[in-house]
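Student: The structure under discussion is supplied below as structure tokens; questions concerning it will follow.
The values are calculated or read from the model by the stated rules, or taken from the named source; none is laboratory data. Note that the structure is predicted; figures quoted are calculated from it, not measured. Here the Cβ positions follow ideal geometry from the backbone for every residue, glycine too, while neighbour counts run over all protein chains shown. Accessible surface areas use protein heavy atoms only, side chains included; no ligands, DNA or RNA. Shrake-Rupley method; radii C 1.70, N 1.55, O 1.52, S 1.80 Å.
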Amino acid sequence: MNLKQLTKIDPEIAKLIQEEAKRQHDVLEMIPSENYASSAVLEAVGSVLANKYSEGYPKKRYYQGNRYIDEIELLAIERAKKLFKVPHVNVQPYSGSPANAEIYLAVMKPGDVLMGLTLSFGGHLTHGSPVSMSGTIYKGIQYDFGKTGRIDFDELGKLAKKYKPKVIVASTTAYPRKLDFKEFGRVADSVGAYLLADISHIVGLVLAGCHPDPVPYAHIIMTTTHKTIRGPRGAMIMVTDKGLKKDPDLAKKIDRWVFPGLQGGPHDHVTAGIAVCLKEATRPSFKKCQEQTIRNCQVLAQELIKHDFNLVTGGTDNHLLLIDTHNKGINGRLLAEGIEEAGIVLNRNWVPNDEAPPFFPNGIRLGTPALSTRGMKEKEMKKVADWLNRAVAEMQTFPVDYQEWTAAAYGKNKDSEGRKKLDKKFHDCLHKSRKLKQIALEIKNLCRKFPVPGIDY
Ligand SMILES: *Cc1c(COP(=O)(O)O)cnc(C)c1O
């Protein structure tokens with residue numbers, strides 16, 4: 001990481017970046033939507049391409065001076081078309097959320113029905129949640145996984161018949177199983193809806209052939225580029241042959257709603273980073289790493305089950321795990337905080353049929369993409385499970401009444417002042433815990449052996 005000028009000009013920011021780099025290096029990053037972008041991607045994104053304005057599309061720009069930018073964007077598009085085997089790609093969306101908005105604007109009118117997975121089951125805000133634009137301008141109808149934690153396609157079909165959605169989103173952020181795009185396609189076709197496969201989380205697995213491919217079944221595919229595919233923060237929208245068959249103007253409509261519909265100038269440095277990650281995704285090492293990500297996740301699952309962790313759906317066949325923490329007696333929010341104190345970074349998450357509000361969910365979500373990028377394998381996953389178990393066991397010994405905490409957080413006698421007092425007691429215990437510090441130290445030592453791209457120690 002070269003911060004020579006930055007250190008001279010703005011030592012405050014330089015120091016904070018260095019500290020964040022050290023944090024990213026010294027902990028186990030297990031938030032499943034995160035990853036380490038490659039050094040090549042970081043170089044492209046930190047380049048002078050950020051200086052350019054290039055509103056419009058290659059060869060059709062509103063500004064002069066886009067000779068090289070055109071070539072970069074065309075390379076990104078051609079690589080994506082070839083890799084995903086789709087006839088049309090737009091690489092300009094600023095991120096996943098605007099990309100989804102652009103798709104909706106292209107195929108729906110205000111008030112049309114948008115069907116997506118409910119947020120608490122792992123849907124994304126942009127899949128029709130009432131707090132997002134997607135559930136305000138459109139009529140968001142939300143499906144869930146029912147009691148089993150698995151998608152019930154008969155139920156989904158019934159719901160679709162009843163509400164006649166214009167768009168069905170097949171996508172999750174907290175589902176540890178493979179998505180059956182064929183079944184989603186069948187439901188969408190049965191009601192004449194567009195099927196949008198939002199593969200932001202699983203794109204790397206799809207490209208490596210470790211997850212069913214949505215291309216034959218979806219009309220439109222959206223992916224972010226900064227998760228399992230390890231590119232810069234951005235997104236791509238793809239139109240499939242099936243999509244063009246349904247509406248021959250679909251690609252044009254989407255392009256038009258990306259620019260000028262919702263965005264201005266594309267982020268050309270990010271476009272270059274996307275082109276780079278698409279190139280890296282063709283390498284054998286990329287495929288190997290995605291396969292290892294799933295294997296790592298499965299070993300972690302087996303080990304955690306041995307330690308009496310309750311896994312939603314009983315395991316995983318992708319890059320993430322969802323743990324129902326009821327049996328551990330500590331709320332997911334507290335667990336996530338305590339586990340971070342031990343050097344493992346994951347997030348709290350709602351679990352199916354959770355009685356708690358999403359702010360205090362009884363679950364945690366974790367995944368293996370970033371650890372696998374660092375080169376960690378089965379042996380390290382066994383250690384991770386052991387550390388998680390030790391961290392939770394340590395928290396169980398704290399003199400904190402977790403039942404009282406739950407009652408104060410969301411029970412009948414809700415008492416946010418009381419909860420805050422217990423929070424403080426819990427945090428005091430965390431900071432004093434020698435066992436958690438010991439785990440964090442062991443993790444830091446392991447991390448020395450597994451380099452992070454762009455961070456040299
Ligand atoms: C991450 C994600 C998004 C949103 O991406 P941002 O870049 O955070 O806007 C949308 N859909 C899914 C499924 C995601 O996982």
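Student: Looking at this model, which pairs from 178/412; 8/425; 8/52 are more than 31 angstrom apart at the alpha-carbon?
Tutor: 178/412; 8/425
Student: Which angle from 0 to 90°, rounded to the nearest 10, does the C-alpha axis of helix 11-26 make with the longest principal axis of the chain?
Tutor: So the helix axis and the longest Cα principal axis differ by about 70 degrees.
Student: If each residue of separation counts as 0.36 nm, what is the full-extension length gain between residue 182 and residue 48 once their alpha-carbon separation is subtracted?
Tutor: Stretched out fully, the residue 182 to residue 48 stretch lengthens by 43.9 nm.
Student: Taking the mean number of other Cβ atoms within 10 Å as a proxy for protection, how do you rank 344-352, 191-199, 145-153 from highest to lowest?
Tutor: 191-199, 344-352, 145-153
Student: Please compare each pair in 60/253; 85/253; 306/424 to a cut-off of 22 Å on the Cα-Cα distance and tell me which ones are over it. Each step should come with its number before you reach the end.
Tutor: Working: 60/253 16 Å; 85/253 20 Å; 306/424 32 Å.
Beyond 22 Å between Cα atoms: 306/424.
Student: If you don't mind, there's one more thing I want to ask. To the nearest µm²/s, what D does Stokes-Einstein give for the chain at 4 °C and 1.567 mPa s, using the Kirkwood radius over alpha carbon pairs as Rh?
Tutor: Details: Rh = 23.2 Å.
Here the translational diffusion coefficient equals 56 µm²/s.
Student: With the contact rule set at Cα under 8 Å and sequence spacing of 6 or more, what percent relative contact order holds for region 283-371?
Tutor: Worked out over region 283-371, it gives 28 percent.
Student: Right, next: In terms of solvent-accessible area of protein heavy atoms at a 1.4 angstrom probe, what is the ranking of 62, 53, highest value first?
Tutor: Putting 62, 53 in descending order of accessible area: 62, 53.
Student: Relative contact order of the chain, please, whole-number percent, based on alpha carbon pairs below 8 angstrom and at least 6 residues apart. Don't jump to the answer; show the numbers that get you there.
Tutor: Details: 888 pairs, mean separation 93.1, N = 457.
Here the relative contact order equals 20 percent.
Student: Which angle between 0 and 90 degrees, to the nearest 10, do you get for helix 378-396 versus the longest principal axis of the chain when only C-alpha atoms count?
Tutor: Roughly 50 degrees between the two axes.
Student: Just to verify a number: what accessible area does residue 289 come out at with the full protein assembly present, 1.4 Å probe, Å² rounded to tens?
Tutor: The accessible area of residue 289 comes to roughly 30 Å².
Student: How would 328, 81, 162 rank on accessible area, largest to smallest, probe 1.4 Å?
Tutor: Putting 328, 81, 162 in descending order of accessible area: 162, 81, 328.
Student: Then there's this: Using unit Cβ charges (K, R positive; D, E negative) and no other charged atoms, how large, in debye to the nearest 20, is the dipole of region 45-280 about its Cα centre?
Tutor: On the way: 32 positive and 22 negative charges, 45 e Å.
Around 220 debye, computed over region 45-280.
Student: Here's something else I'd like to know. Per the 1.4 Å probe, what fraction of the accessible area of region 257-412, in percent, lies on carbon and sulfur atoms? Each step should come with its number before you reach the end.
Tutor: Values: 2970 of 5680 Å².
Answer for region 257-412: carbon and sulfur cover 52 percent of the accessible area.
Student: Here's another thing I want to ask about it. Order 154, 428 by their accessible area, 1.4 angstrom probe, all chains in place, largest first.
Tutor: Sorted by accessible area, descending: 154, 428.
Student: Another one. Please get the size of the charge dipole for the chain, origin at its Cα centre, with Cβ charges of +1 on Lys and Arg and -1 on Asp and Glu, quoted in debye to the nearest 20. Could you put the intermediate results ahead of the total?
Tutor: On the way: 66 positive and 52 negative charges, 104 e Å.
With Lys and Arg at +1 and Asp and Glu at -1, about 500 debye.
Student: Continuing with the same structure: Solvent-accessible area of residue 182, probe 1.4 Å, all protein chains present, reported in Å² to the nearest ten, please.
Tutor: So the heavy atoms of residue 182 present about 120 Å² to solvent.
Student: Let me ask something else about it. Which semi-axis lengths, in whole Å and largest first, follow from the square roots of five times the eigenvalues of the Cα gyration tensor of region 45-280? Don't skip to the end; give the middle numbers.
Tutor: Numbers: eigenvalues 181, 68, 49 Å².
Here the semi-axes work out to 30, 18, 16 Å.
Student: For helix 332-341, what angle does its Cα long axis make with the longest principal axis of the chain, in degrees from 0 to 90 and rounded to 10?
Tutor: 80
Student: Roughly what would the spin-label model give for residue 109 and residue 18, points 7 Å off Cα along C-beta, in nm?
Tutor: So the two model labels end up 6.0 nm from each other.
Student: Further, regarding this structure: Based on the Cβ-Cβ distance from residue 428 to residue 378, what FRET efficiency comes out when R0 is 41 Å, to the nearest 0.05?
Tutor: Computed FRET efficiency for residue 428 and residue 378 comes out at 0.65.
Student: Along the principal axes of its C-alpha atoms, what lengths does region 242-372 span, in descending order and rounded to whole Å?
Tutor: 53, 38, 33
Student: Using only alpha-carbon positions, what ratio does the radius of gyration of region 38-125 give when scaled by 2.2 N^0.38 Å?
Tutor: Taking N as the residue count of region 38-125, the ratio is 1.38.
Student: Let's see if you can work this out: charge +1 on each Lys and Arg Cβ, -1 on each Asp and Glu Cβ, no other charges. What is the dipole magnitude of region 388-440 about its Cα centre, in debye to the nearest 20?
Tutor: Dipole about the Cα centre, nearest 20: 200 debye.
Student: I would also like to ask the following. Work out, step by step, the length gained on full extension between residue 456 and residue 133: first 0.36 nm times the residue separation, then minus their alpha carbon distance; give nm to one decimal.
Tutor: Result: 112.2 nm gained on full extension.
Student: Same structure, new question: For the chain, with the dipole built from +1 on Lys and Arg beta-carbon atoms and -1 on Asp and Glu ones, taken about the Cα centre, which of 261, 77, 93 lies farthest toward the positive end?
Tutor: Towards the positive end, the residue furthest out is 77.
Student: Another question, if that's okay. For a bin width of 10 Å, list the pair-distance distribution of region 303-380 built from all Cα-Cα distances, rounded to whole %.
Tutor: 18, 51, 27, 3
Student: Related question: To the nearest 500 deg cm²/dmol, what mean residue ellipticity at 222 nm is calculated for the chain from DSSP H runs of n ≥ 4 alone, each contributing -39,500 (n - 2.57), summed and divided by the residues?
Tutor: Mean residue ellipticity, 222 nm, calculated: -14000 deg cm²/dmol.
Student: Solvent-accessible area per residue for the chain at a 1.4 Å probe radius, Å²?
Tutor: 45
Student: Expressed as a whole number of Å, what is the distance separating the alpha-carbon centroids of region 190-211 and region 103-144?
Tutor: Cα centroid of region 103-144 versus Cα centroid of region 190-211: 17 Å apart.
Student: Let me know the Rg and Dmax you get for region 285-447 when you use only its Cα atoms, in Å.
Tutor: So, for region 285-447, Rg and Dmax equal 16.2, 55 Å respectively.
Student: With a point put 7 Å past each Cα toward its Cβ, work out how far residue 396 is from residue 305 in nm, to one decimal.
Tutor: Reported label-point gap for residue 396 and residue 305 is 1.9 nm.
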